[in-house]
1. How much length is gained on full extension from SER84 to GLU41, taking 0.36 nm per residue of separation minus their Cα-Cα distance?
2. Read phi for every residue in the range 147-163 and hand back ³J(HN,Hα) as whole Hz from Karplus 6.51 cos²θ - 1.76 cosθ + 1.60, θ = phi - 60°, with x for Gly and Pro.
3. Mind giving me the nanometre distance, one decimal, between the label points for SER145 and VAL167, set 7 Å out from Cα along Cα→Cβ?
Amino acid sequence: MKTKLLVALIAVLAFAGCTSTTSNLPVRTDYSKTTAFHEWENFRFASDSKSADYQRYPRFERMAQQALETELTDRGYTRLAEGSPDFRVSFDLIFRGGTKPQAEIQDRGAEPKATAYGGSSQRGTLIVKMLDPVTAEILWTGQISEIKMNVIEPQKELDKAVRRLLVEFPPLAG
């Protein structure tokens, strides 16, 4: 009996070591201590008027926005297409490293294959801001770093990163 218990415990620990490393990614948050986050019910995405000083990747930005919308609506917030929301959501997705975070077709033969987009040096950072809808003041901000995009399933990586980041939202004090 003790042997079976020991084997089961080792198996659980081994599987825990195989889980996604997203839970280990560095997350930082900050928020306004005077904001009543518990009163928020609906949101809109802030208009995209970014004049970024970094390379933008619209495909991954759309995926990040989809992940944010899904996570927020799963938590009971309603996305408004029109009208005045309780808060606006803004985000930046920044990649650093040597090459683009996109799969590229190589070997123009019968079976082209996707290649990695920079190896181990390519990392992403997602910065999310919850804004006052009138003043655009940042009421909550969170950042998750060291996101390594999966070439085959990038949406899955962004979903996990957003889920991990929004564990901290809304803050318990708000």
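1. Working: separation 43, 0.36 × 43 = 15.48 nm, distance 1.13 nm.
Length difference between fully extended and current span is 14.4 nm.
2. 6, 9, 5, 8, 4, 6, 10, x, 4, 5, 5, 5, 4, 5, 5, 5, 4
3. Label at SER145, label at VAL167, 1.8 nm between them.
Where a number appears in this text, it was derived from the coordinates with a stated rule and is not lab data. If you're wondering where the values come from, they're calculated on a predicted model, not measured in any experiment. Positions of Cβ are backbone-derived with ideal geometry, glycine not excepted, and every protein chain shown enters the neighbour counts.
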